[in-house]
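Structure, as structure tokens:
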């Protein structure tokens, strides 16, 4: 009986630990959330974050951009990422058509598009010290 | 009956001959000061990567293979080149803002790394365009270095 106690204890600890870490991670706020303007945050939550997060089932979306991890990127990557965000939104490439067929209410309005584009441009300028 | 076969055979041949008169304009522009190679000093390895794997569709200078001159292949090639240049034309590098150059570098490195580019169909016909892991790393390192330079330039502007 004693023989299996230790492995069982280790096993339980790992499982439990993983569980706690996992939920803690899921509940973690979007990095830099405090700095995100309210409107930008709500647009991201509404139309982007569902696919662009670290636990996303959508591999391509997950690898292209994780909104939680933007602040962890280096300066160059952060700038190019922000630039790309503005571009794909302005071109109407994001959110993708297939996604919008399922969730038509998640389509960005012109106003929302502008809010996102202005925000990303402003962030880039800040990063460039302007 | 023989006559019938002859006609069946003759029609496609005639069509094939006729379409040869409709050839798209060749992508053979002069290299200007705005070309990436003229704008910045690149390591030789990176130049080789770009020449072998990118510039046929992403510049104003395509190196054509013999069968690219034959319709309908020439039409297909032409549309590939037009699409490629619309996405990214490295002959125009000098006309862009540093921020756009930075964005292009990032996308190039990403797409090369993920294997999206060069296109499989292109690699199939251009074996030299198949990039090794080493080449991908080299490209990535170069793009990061140039991006850092561009960043400094923009900050100091």
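The values are calculated or read from the model by the stated rules, or taken from the named source; none is laboratory data. Since we're looking at a predicted model, the values are computed, not measured. Every residue, glycine as well, gets a Cβ built from its backbone with ideal geometry; the counts of neighbours run over all protein chains shown.
Observations on the model:
- Matching entry among B:157, B:133, B:116 (being loosely packed, with under 13 Cβ neighbours inside 10 Å and within 16 Å of residue B:52 (Cβ to Cβ)): B:133
- Residue B:78 over 29 Å from residue A:74 (Cβ atoms), in contact (Cβ under 8 Å) with a residue 24 or more places away in the chain, surrounded by 15 or more Cβ atoms within 10 Å (Cβ to Cβ) and out of contact with any helix residue (DSSP H, G or I) (no Cβ under 7 Å at 6 or more places or on another chain): yes
- Matching residues in region A:67-80 - criterion: being over 17 Å from residue B:105 (Cβ atoms) and at pLDDT 90 or above: none
- Restricting the search to helices (runs of 4 or more DSSP H) fully inside region A:37-130 and requiring at least 3 residues that are away from chain B (no Cβ under 14 Å) and within 30 Å of residue B:145 (Cα to Cα) gives A:110-127.
- Every condition in (1) surrounded by 10 or more Cβ atoms within 10 Å (Cβ to Cβ); (2) under 30 Å from residue B:105 (Cβ atoms) holds for residue B:22 except the one numbered (2).
- Some residue of region B:51-61 being exposed (fewer than 14 other Cβ atoms within 10 Å of the Cβ), touching a helix residue (DSSP H, G or I) at 6+ places or on another chain (Cβ under 9 Å) and without any contact (Cβ under 8 Å) to a residue 40 or more places away in the chain: no
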